[in-house]
Amino acid sequence: MTFDIDRLRIGVIGLGYVGLPLAVEFGRLFPTLGFDVNETRIAELEGGADSTREVSPEELAAAEQLSYTSDAAELADCNFYIVTVPTPISGSKRPVLTPLRLASEALSGVLKKGDIVVYESTVYPGATEEFCVPYLEQGSGLKLNEDFFVGYSPERINPGDKEHRFATILKVTSGSTPEAAEFIDSVYGTVVTAGTHKASSIKVAEAAKVIENTQRDVNIALVNELAMIFERMDIDTEEVLIAAGTKWNFLPFRPGLVGGHCIGVDPYYLTYKAEQLGYHPQMILAGRRINDNMGQYVASQLVKRMIAADISPKSARVLVLGLTFKENCPDLRNTRVVDIISELSSYGTAVDVHDPWVNAEEAKAEYGIGLVAEPGEGAYDAVLIAVGHHQFQALGADGIRRFGKPTSLVYDIKYVLPQGAADDRL
């Protein structure tokens, strides 16, 4: 099979945080069609706006060969497909592969001889060939590596990060045959200025992705556990980490909530596959348990300090600053701030939430949380800084304390304020 980059027509399936930046970069050089089932999202992009704030109106306009559709049949003109649909987990921490199945079934209806399908969604090693390919074959009547080819290139998008963008992050690639792998690598190489790394197999590329975030998850869990220990010793965790960080090979992780679409999710894809193979992961799942319980721990620490200050949790009013899973982005996926809110509410505490980055309707629909647009001054018994948005940093200690009563507490779990400016921090 001969692949020709000059006749490339790219179809991107899924136009969220991952798919849109990718589609925009390819749309500068090649005819590119972005597909999403969300018609509202398509209308928004056609109007030149991106509600995720990952791509500016100027960047959208510069992708002159990029068009959009919510009709899967229109993908038939493409020959190089990139799947960037979400891969979440269920309430029981099991992989939810429904979006991948639906995307694969949709593509099977337009797949032609010579086409290539590249998956970017995070999966367990083996999922592309074991789970996705059968749907492509069944719906199209074509055979892998005879009629069509697949690849895997793990996404590395970091929402809200304006320095590390799609084109400036080194791209891992792979393909189902050596020739397909080489072509896939060359296609990504046209837009990824940071370069590419061609893995020896699809499984290696899948495994590389899933351990990137598993490693971060375990490291954060260790620091979270250290924070719990140091709290009992009445030692400031940040001071300890700064001191330890003077050693050249000490890793600069900080305690905190672990949410989002990657770090709090990806380890469960790996542990799911490991358990299928008869191995029960110990360190990975221990780290997940620690991180999954951090919201409850933060809330309990705040309640303990309120009681010590003669503030009754049952009659108290608390302001939580920030709802997104990370700073300076509107992404609410798998945010663990909701665990803090839920735990405080279980004590009978009235909780208000303020986040200038979040769409109020989305917060209400996703979590049932009504946001406070303008917190009142002098209204709260405690203020908890849950996300380090630059707006909260700009307020400073005096601005944040103005939300509280004269006897209120400020609990800073994101180190937004200088040491000593908050009553306590994680």
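Brief remarks follow.
- For the stretch 32-96, relative contact order (Cα pairs under 8 Å, six or more residues apart, normalised by length) works out to 36 percent.
- Just so you know, the Rg over Rh for the stretch 96-137 is 0.94, from Cα atoms, with Rh as the Kirkwood radius.
- Trypsin sites (Lys or Arg not before Pro) restricted to the stretch 172-253 and DSSP loop, no more than 15 other C-beta within 10 Å: Lys247
- Equivalent ellipsoid semi-axes, the stretch 263-401, via Cα gyration tensor eigenvalues times 5, rooted, Å: 31, 19, 13
- Under 5 Å from the amide H of Lys198 lie the amide H atoms of Thr173, each residue being 5 or more positions distant or on a separate chain, with H modelled from the backbone and absent for Pro and chain starts.
- Computed over the stretch 130-170, the alpha-carbon pair-distance distribution with 5 angstrom bins reads 5, 19, 20, 10, 8, 11, 15, 9, 2, each value a whole percent.
- Solvent-free Debye calculation, one equal scatterer per alpha-carbon of the stretch 116-192: log10 I(q)/I(0) at 0.13, 0.15, 0.16 Å⁻¹ equals -0.44, -0.57, -0.64.
- Here each label is just a point 7 Å from Cα along the line to Cβ, and for Asp71 and Thr246 those points are 6.8 nm apart.
- Enclosed volume per residue, in Å³, of the convex hull spanned by Cα atoms of the stretch 151-297: 143 Å³
- Relative packing of peptides 379-389, 249-259, 361-371 - highest average C-beta neighbours within 10 Å first: 379-389, 249-259, 361-371
- The dipole here belongs to the chain: it is taken about the Cα centre, uses +1 on the Cβ of Lys and Arg and -1 on the Cβ of Asp and Glu, and is about 1060 debye.
- Entry comment: accessible area of the chain is 44 Å² per residue, from protein heavy atoms only and a probe of 1.4 Å.
- Taking the C-alpha atoms of the stretch 338-426, convex hull volume expressed per residue in Å³: 98 Å³
- Euclidean distance between Cα centres, the stretch 168-186 to the stretch 10-65, Å: 22 Å
- Karplus-based coupling profile of the stretch 55-68, in residue order and whole Hz: 10, 7, x, 5, 5, 4, 5, 6, 7, 5, 9, 9, 10, 10, with θ = phi - 60° in 6.51 cos²θ - 1.76 cosθ + 1.60 and x standing for Gly or Pro.
- A cut-off of 5 Å between modelled amide H atoms, ignoring neighbours fewer than 5 places along the same chain, links Val83 with Ile13, Val118, Tyr119, Glu120.
- Tail beyond 20 Å, pair distance distribution of the stretch 1-157 (Cα, percent): 48 percent
- Dimensionless Rg/Rh of the stretch 305-376 - Kirkwood Rh, Rg from C-alpha atoms: 0.99
- ³J(HN,Hα) computed for each position of the stretch 268-283 - Karplus, 6.51 cos²θ - 1.76 cosθ + 1.60, integer Hz, glycine/proline x: 5, 5, 5, 5, 4, 5, 4, 5, 4, 8, x, 10, 9, x, 9, 5
- Full extension of the chain between Ala360 and Ser51 gives 110.0 nm of extra length, using 0.36 nm per residue less the Cα-Cα distance.
- Choice from Gln276, Gln393, Gln65 showing the highest fluctuation, given a GNM over the chain with Cα pairs closer than 10 Å: Gln276
- Listed residues His354, His390, His261, most fluctuating in the chain (Gaussian network, C-alpha, under 10 Å): His390
- Here the translational diffusion coefficient of the chain follows from Stokes-Einstein with Rh set to the Kirkwood radius across Cα pairs; for 20 °C and 1.002 mPa s it amounts to 92 µm²/s.
- Relative contact order (%) - criterion: Cα under 8 Å, at least six apart; region: the chain: 10 percent
- Share of carbon and sulfur in the accessible heavy-atom surface of the chain [1.4 Å probe, %]: 52 percent
- Counting heavy atoms of the protein chains alone, Arg402 has an accessible area of about 130 Å² for a 1.4 Å probe.
- A Förster distance of 25 Å, applied to the separation of the beta-carbon atoms of Lys405 and Tyr367, puts the FRET efficiency at 0.40.
- Share, in percent, of DSSP beta bridges within the chain that are antiparallel, nearest 5: 5 percent
- Length added when fully stretched, Ala194-Val96, from 0.36 nm per residue minus Cα-Cα: 32.1 nm
- Phi to ³J(HN,Hα) by Karplus 6.51 cos²θ - 1.76 cosθ + 1.60 over the stretch 119-127, Hz, x for Gly, Pro: 9, 10, 5, 5, 9, 7, x, x, 5
- Relative contact order (%) - the stretch 328-426, alpha-carbon pairs under 8 angstrom, separation at least six: 22 percent
The values are calculated or read from the model by the stated rules, or taken from the named source; none is laboratory data. Note that the coordinates shown come from a computational prediction; the quantities given were computed from them, not determined experimentally. With ideal geometry, Cβ positions are generated from the backbone for all residues, glycine too; neighbour counts draw on all protein chains shown. To get the accessible areas, we keep the full protein, side chains included, count just its heavy atoms, and leave off ligands, DNA and RNA. Shrake-Rupley method; radii C 1.70, N 1.55, O 1.52, S 1.80 Å.
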